[in-house]
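Read through the structure below, which is laid out as structure tokens, and then see the notes.
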Amino acid sequence: LDVDIDPKLSWALRNMEQFPIDINTADYKMILRVPGIGVGSAKKIWQARKFGRLRSDQLKKMGIAWNRAKHFIRCADSVFTLNEPDGLRVKGLILSESNSKYLKVPQNQLTLF
């Protein structure tokens, strides 16, 4: 396991072929797999989609961690790019933009015995 990021982000970086997802058409389970979107925010997204296409400013107001989620989603006002997201580049961007609690953990793992 990668000790400098959380397990959900680690899974997403290992499975970049599944991303980015369109937040306006993705199913609930896939929305839950997006780093930065928890159960509560996923429910809000699911409900809000009934009233129209969601934009980035609306997602930010719903309480998602935009600095992580923006690398894994597309919304109504997203600029389409042809570049495939690179897991290492995305990881570097996320760590440079935030104060990860995982960076404060000692880099060597402790022994059990």
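Rounded, prolate or oblate: which fits region 7-50 when a ≥ b ≥ c are the square roots of the eigenvalues of the alpha-carbon gyration tensor, with rounded for a/c under 1.5 and prolate only if a/b beats b/c?
Note, shape of region 7-50 comes out oblate.
I need the fraction of alpha carbon pairs in region 7-103 separated by more than 24 Å, rounded to a whole percent.
Details: 766 of 4656 pairs.
Value for region 7-103 (Cα pairs over 24 Å): 16 percent.
Rule-based calculations on the coordinates, nothing more; no lab input. Keep in mind it's a predicted model, so treat the numbers as computed, not measured.
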